[in-house]
Amino acid sequence: MRPTVLCFSGLDPSGGAGLQADIESIGASGAHATVACTAITVQNSQAVLGFEPVSSTLLKAQAQVVLDDLPVKAIKSGMLGTVDNIAMLTDLFVSNIIDAGTPFVLDPVLVANSGGHLGDKDTLVKAFAQLLPHATLITPNTHELRALTGFDDLHDCAKALNGTGVKAVLVKTSHDFESGNIEQFLYINEKIAHTSIIERLDGEFHGSGCSLASYIAGRLAIGDDLIGAVKNADTWIINTLKNADRPHPDNPKAQLIPNRFI
Ligand code: PLP
(Lines give C-alpha, C1' and ligand atoms only; values in the text may rest on other atoms or scores of the structure.)
Protein backbone atom coordinates (compact mmCIF):
# COMPACT_ATOMS: atom_id res chain seq x y z
CA MET A 1 0.00 0.00 0.00
CA ARG A 2 1.36 3.41 -0.93
CA PRO A 3 1.60 5.81 2.03
CA THR A 4 -1.70 7.66 2.35
CA VAL A 5 -2.31 11.40 2.64
CA LEU A 6 -5.61 12.54 4.17
CA CYS A 7 -6.68 15.87 2.67
CA PHE A 8 -9.30 18.25 4.02
CA SER A 9 -10.32 20.24 0.95
CA GLY A 10 -13.18 21.63 -1.08
CA LEU A 11 -14.55 20.66 -4.47
CA ASP A 12 -13.77 23.03 -7.34
CA PRO A 13 -15.98 21.92 -10.27
CA SER A 14 -13.46 23.27 -12.81
CA GLY A 15 -10.85 20.79 -11.60
CA GLY A 16 -8.03 23.33 -11.32
CA ALA A 17 -7.88 23.70 -7.55
CA GLY A 18 -9.25 22.07 -4.43
CA LEU A 19 -9.60 18.35 -3.91
CA GLN A 20 -9.00 17.41 -7.56
CA ALA A 21 -5.69 19.27 -7.48
CA ASP A 22 -4.85 17.43 -4.26
CA ILE A 23 -5.68 13.98 -5.64
CA GLU A 24 -3.73 14.50 -8.85
CA SER A 25 -0.69 16.04 -7.12
CA ILE A 26 -0.49 13.42 -4.39
CA GLY A 27 -0.82 10.69 -7.00
CA ALA A 28 2.03 12.30 -8.96
CA SER A 29 4.18 12.39 -5.82
CA GLY A 30 3.90 8.61 -5.48
CA ALA A 31 1.51 8.59 -2.51
CA HIS A 32 -2.20 7.71 -2.29
CA ALA A 33 -4.72 10.55 -1.79
CA THR A 34 -7.83 10.38 0.36
CA VAL A 35 -10.18 13.32 0.88
CA ALA A 36 -12.56 14.53 3.55
CA CYS A 37 -14.58 17.08 1.55
CA THR A 38 -15.02 20.38 3.42
CA ALA A 39 -17.23 22.29 0.98
CA ILE A 40 -18.73 22.30 -2.47
CA THR A 41 -17.79 25.46 -4.30
CA VAL A 42 -19.35 26.94 -7.43
CA GLN A 43 -16.45 28.28 -9.45
CA ASN A 44 -14.44 28.00 -12.61
CA SER A 45 -11.08 29.24 -13.81
CA GLN A 46 -12.38 32.82 -13.77
CA ALA A 47 -14.42 33.36 -10.61
CA VAL A 48 -15.93 31.95 -7.41
CA LEU A 49 -19.74 32.28 -7.47
CA GLY A 50 -20.43 30.68 -4.10
CA PHE A 51 -19.97 27.66 -1.85
CA GLU A 52 -21.73 25.51 0.71
CA PRO A 53 -19.63 24.06 3.51
CA VAL A 54 -20.27 20.57 4.90
CA SER A 55 -21.07 20.29 8.61
CA SER A 56 -18.17 19.57 10.93
CA THR A 57 -19.94 16.33 11.97
CA LEU A 58 -20.00 15.08 8.39
CA LEU A 59 -16.40 16.21 7.88
CA LYS A 60 -15.25 14.35 10.99
CA ALA A 61 -17.09 11.19 9.92
CA GLN A 62 -15.33 11.25 6.54
CA ALA A 63 -11.94 11.65 8.20
CA GLN A 64 -12.63 8.94 10.75
CA VAL A 65 -13.48 6.25 8.18
CA VAL A 66 -10.22 6.95 6.36
CA LEU A 67 -8.17 6.97 9.57
CA ASP A 68 -9.80 3.65 10.61
CA ASP A 69 -8.95 2.03 7.31
CA LEU A 70 -5.79 3.31 5.66
CA PRO A 71 -2.13 3.96 6.57
CA VAL A 72 -2.37 7.77 6.88
CA LYS A 73 1.19 9.11 6.87
CA ALA A 74 0.50 12.81 6.30
CA ILE A 75 -2.33 15.32 6.53
CA LYS A 76 -2.99 18.21 4.14
CA SER A 77 -5.60 20.91 4.57
CA GLY A 78 -6.79 23.42 2.00
CA MET A 79 -10.13 25.23 2.02
CA LEU A 80 -11.79 24.52 5.38
CA GLY A 81 -14.55 27.07 4.84
CA THR A 82 -15.90 27.50 8.38
CA VAL A 83 -14.73 28.11 11.92
CA ASP A 84 -16.43 24.84 12.94
CA ASN A 85 -14.43 22.85 10.40
CA ILE A 86 -11.16 24.45 11.56
CA ALA A 87 -12.10 23.65 15.18
CA MET A 88 -12.94 20.05 14.26
CA LEU A 89 -9.59 19.50 12.53
CA THR A 90 -7.83 21.06 15.53
CA ASP A 91 -9.66 18.61 17.78
CA LEU A 92 -8.48 15.62 15.72
CA PHE A 93 -4.91 16.64 16.64
CA VAL A 94 -5.64 17.58 20.27
CA SER A 95 -7.46 14.32 20.96
CA ASN A 96 -4.78 12.23 19.17
CA ILE A 97 -7.32 10.83 16.70
CA ILE A 98 -4.61 11.81 14.22
CA ASP A 99 -1.41 10.15 15.48
CA ALA A 100 1.00 12.59 17.12
CA GLY A 101 3.95 13.27 14.84
CA THR A 102 2.01 12.83 11.59
CA PRO A 103 3.32 15.54 9.22
CA PHE A 104 0.66 18.17 8.56
CA VAL A 105 0.84 20.60 5.61
CA LEU A 106 -1.56 23.49 6.19
CA ASP A 107 -2.47 25.60 3.16
CA PRO A 108 -4.45 28.39 4.87
CA VAL A 109 -6.89 29.03 2.02
CA LEU A 110 -8.85 32.25 2.43
CA VAL A 111 -9.23 33.60 -1.09
CA ALA A 112 -9.03 31.89 -4.50
CA ASN A 113 -6.43 33.06 -7.00
CA SER A 114 -9.32 34.53 -9.02
CA GLY A 115 -10.03 36.82 -6.03
CA GLY A 116 -13.20 35.09 -4.74
CA HIS A 117 -13.59 34.52 -1.00
CA LEU A 118 -13.71 30.93 0.25
CA GLY A 119 -14.99 31.77 3.74
CA ASP A 120 -15.27 34.79 6.00
CA LYS A 121 -11.67 35.98 6.07
CA ASP A 122 -11.57 37.62 9.52
CA THR A 123 -13.30 34.81 11.40
CA LEU A 124 -11.22 32.16 9.63
CA VAL A 125 -7.99 34.01 10.50
CA LYS A 126 -8.95 34.02 14.19
CA ALA A 127 -9.89 30.32 14.12
CA PHE A 128 -6.59 29.35 12.42
CA ALA A 129 -4.74 30.46 15.57
CA GLN A 130 -5.83 27.19 17.28
CA LEU A 131 -4.79 25.00 14.36
CA LEU A 132 -1.41 26.60 13.59
CA PRO A 133 0.58 24.95 16.42
CA HIS A 134 -0.24 21.52 14.93
CA ALA A 135 1.19 22.32 11.50
CA THR A 136 4.51 20.93 10.32
CA LEU A 137 4.50 23.30 7.36
CA ILE A 138 2.27 26.21 6.39
CA THR A 139 2.16 27.31 2.73
CA PRO A 140 0.37 30.68 2.59
CA ASN A 141 0.41 33.02 -0.37
CA THR A 142 1.51 36.56 0.47
CA HIS A 143 -2.08 37.77 1.10
CA GLU A 144 -2.70 34.93 3.53
CA LEU A 145 0.69 35.39 5.20
CA ARG A 146 -0.06 39.05 5.96
CA ALA A 147 -3.67 38.35 6.98
CA LEU A 148 -2.56 35.67 9.44
CA THR A 149 0.12 37.77 11.11
CA GLY A 150 -0.76 41.44 10.63
CA PHE A 151 2.81 42.23 9.50
CA ASP A 152 3.79 43.63 6.12
CA ASP A 153 7.36 42.41 5.67
CA LEU A 154 7.27 38.77 4.54
CA HIS A 155 10.24 37.77 6.67
CA ASP A 156 8.62 39.28 9.78
CA CYS A 157 5.45 37.36 8.91
CA ALA A 158 7.32 34.07 8.60
CA LYS A 159 9.12 34.54 11.92
CA ALA A 160 5.81 35.43 13.60
CA LEU A 161 4.22 32.22 12.32
CA ASN A 162 7.20 30.17 13.50
CA GLY A 163 6.64 31.84 16.87
CA THR A 164 3.09 30.41 17.05
CA GLY A 165 4.50 26.88 16.98
CA VAL A 166 4.31 26.13 13.23
CA LYS A 167 7.47 24.16 12.56
CA ALA A 168 8.10 25.53 9.07
CA VAL A 169 6.77 28.32 6.85
CA LEU A 170 7.09 28.35 3.07
CA VAL A 171 7.11 31.97 1.91
CA LYS A 172 6.19 32.35 -1.78
CA THR A 173 6.75 35.81 -3.19
CA SER A 174 4.86 35.23 -6.45
CA HIS A 175 1.99 37.63 -5.70
CA ASP A 176 4.21 40.53 -4.56
CA PHE A 177 5.92 41.33 -7.85
CA GLU A 178 4.89 41.12 -11.47
CA SER A 179 8.28 40.46 -12.97
CA GLY A 180 11.56 38.82 -12.12
CA ASN A 181 12.08 35.35 -10.74
CA ILE A 182 9.94 34.07 -7.88
CA GLU A 183 11.82 33.59 -4.64
CA GLN A 184 10.68 31.05 -2.12
CA PHE A 185 12.00 30.87 1.45
CA LEU A 186 11.57 27.96 3.82
CA TYR A 187 11.65 29.24 7.39
CA ILE A 188 12.37 26.78 10.19
CA ASN A 189 12.77 28.08 13.76
CA GLU A 190 12.66 31.69 12.55
CA LYS A 191 15.65 31.18 10.22
CA ILE A 192 15.84 30.58 6.47
CA ALA A 193 16.62 26.88 6.03
CA HIS A 194 16.28 26.79 2.25
CA THR A 195 15.81 29.28 -0.61
CA SER A 196 14.62 28.47 -4.10
CA ILE A 197 14.52 30.67 -7.17
CA ILE A 198 11.68 29.70 -9.47
CA GLU A 199 11.22 30.91 -13.04
CA ARG A 200 8.21 33.25 -13.44
CA LEU A 201 5.84 32.14 -16.19
CA ASP A 202 3.27 34.31 -17.96
CA GLY A 203 -0.28 34.11 -16.67
CA GLU A 204 -2.16 33.29 -13.50
CA PHE A 205 -2.64 29.66 -12.50
CA HIS A 206 -5.72 28.16 -10.89
CA GLY A 207 -4.74 25.66 -8.22
CA SER A 208 -0.96 26.09 -8.20
CA GLY A 209 -0.92 26.63 -4.41
CA CYS A 210 -3.04 23.53 -3.75
CA SER A 211 -0.83 21.47 -6.07
CA LEU A 212 2.45 22.54 -4.45
CA ALA A 213 1.20 21.95 -0.89
CA SER A 214 -0.26 18.55 -1.78
CA TYR A 215 2.85 17.34 -3.58
CA ILE A 216 4.92 18.29 -0.51
CA ALA A 217 2.47 16.37 1.72
CA GLY A 218 2.79 13.34 -0.57
CA ARG A 219 6.57 13.43 -0.41
CA LEU A 220 6.51 13.81 3.40
CA ALA A 221 4.19 10.76 3.59
CA ILE A 222 6.74 8.81 1.52
CA GLY A 223 9.54 9.79 3.89
CA ASP A 224 11.30 12.87 2.47
CA ASP A 225 12.52 15.38 5.02
CA LEU A 226 11.04 18.88 4.76
CA ILE A 227 13.76 20.42 2.62
CA GLY A 228 13.83 17.38 0.33
CA ALA A 229 10.04 17.45 -0.06
CA VAL A 230 10.08 21.17 -0.94
CA LYS A 231 12.91 20.70 -3.46
CA ASN A 232 11.10 17.78 -5.12
CA ALA A 233 7.86 19.78 -5.26
CA ASP A 234 9.58 22.81 -6.82
CA THR A 235 11.06 20.67 -9.59
CA TRP A 236 7.66 19.09 -10.26
CA ILE A 237 5.39 22.15 -10.06
CA ILE A 238 7.23 24.18 -12.67
CA ASN A 239 6.55 21.45 -15.24
CA THR A 240 2.84 21.34 -14.38
CA LEU A 241 2.73 25.11 -15.00
CA LYS A 242 4.80 25.03 -18.21
CA ASN A 243 2.35 22.42 -19.54
CA ALA A 244 -0.78 24.11 -18.15
CA ASP A 245 -4.00 24.19 -20.15
CA ARG A 246 -5.32 27.59 -21.19
CA PRO A 247 -9.14 27.54 -21.26
CA HIS A 248 -9.30 31.05 -22.79
CA PRO A 249 -6.49 31.44 -25.32
CA ASP A 250 -7.70 34.93 -26.31
CA ASN A 251 -7.76 36.29 -22.78
CA PRO A 252 -4.23 36.66 -21.38
CA LYS A 253 -5.63 37.48 -17.91
CA ALA A 254 -7.73 34.31 -17.60
CA GLN A 255 -6.28 31.62 -15.34
CA LEU A 256 -4.51 28.53 -16.62
CA ILE A 257 -5.07 25.03 -15.24
CA PRO A 258 -1.90 23.15 -14.22
CA ASN A 259 -1.32 19.88 -16.05
CA ARG A 260 -0.44 17.44 -13.30
CA PHE A 261 -0.17 14.45 -15.64
CA ILE A 262 3.25 15.18 -17.05
N1 PLP B 1 -9.41 25.08 -2.44
C2 PLP B 1 -10.47 25.30 -3.17
C3 PLP B 1 -11.70 24.46 -3.04
C4 PLP B 1 -10.44 26.31 -4.08
O5 PLP B 1 -11.51 26.49 -4.80
C6 PLP B 1 -9.27 27.12 -4.22
C7 PLP B 1 -9.20 28.17 -5.19
O8 PLP B 1 -9.96 28.36 -6.07
C9 PLP B 1 -8.19 26.86 -3.45
C10 PLP B 1 -8.30 25.84 -2.58
C11 PLP B 1 -6.91 27.65 -3.57
O12 PLP B 1 -6.46 27.67 -4.89
P13 PLP B 1 -5.00 28.17 -5.29
O14 PLP B 1 -4.13 26.98 -5.29
O15 PLP B 1 -5.19 28.72 -6.67
O16 PLP B 1 -4.58 29.17 -4.29
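The values are calculated or read from the model by the stated rules, or taken from the named source; none is laboratory data. None of the values given here were measured: they were computed from a predicted structure. Using ideal geometry, Cβ is built from the backbone for each residue, glycine included, and neighbour counts are taken over all protein chains shown. SASA here: full protein model, heavy atoms, side chains in, ligands and nucleic acids out. Shrake-Rupley method; radii C 1.70, N 1.55, O 1.52, S 1.80 Å.
Of the solvent-accessible surface of the chain, computed with a 1.4 Å probe and all protein chains present, 51% belongs to carbon and sulfur.
Taking every alpha-carbon pair within region 155-262, the share separated by more than 18 Å comes to 54 percent. Over 21 Å apart at the Cα level, from the set 172/242; 73/231; 76/172; 121/191, are 121/191. Note: relative contact order over region 136-177, using C-alpha pairs below 8 Å and six or more positions apart, is 55 percent. Treating r as the C-beta distance of residue 87 and residue 142 and R0 as 35 Å, the FRET efficiency rounds to 0.85. Accessible area per residue for region 83-237, computed on protein heavy atoms with a 1.4 Å probe, is 41 Å².
Where both partners of a DSSP beta bridge lie in region 36-123, what percent of those bridges are antiparallel, to the nearest 5? Roughly 65 percent of the DSSP beta bridges within region 36-123 come out antiparallel. DSSP loop GluC sites (Glu not before Pro) in region 151-220 with at most 12 other Cβ atoms within 10 Å of their Cβ, which ones? Passing both the DSSP loop test and the Cβ count: 178, 199.
The alpha carbon radius of gyration of the chain, expressed as a multiple of 2.2 N^0.38 Å, is 0.91. Annotation: the antiparallel percentage among DSSP beta bridges lying fully within the chain is about 50. Averaging the sequence gap over all C-alpha pairs within less than 8 Å and six or more residues apart, then dividing by the number of residues, gives the chain a relative contact order of 20 percent. Taking label points 7 Å from Cα along the Cα-to-Cβ direction, residue 253 and residue 111 give a separation of 1.5 nm.
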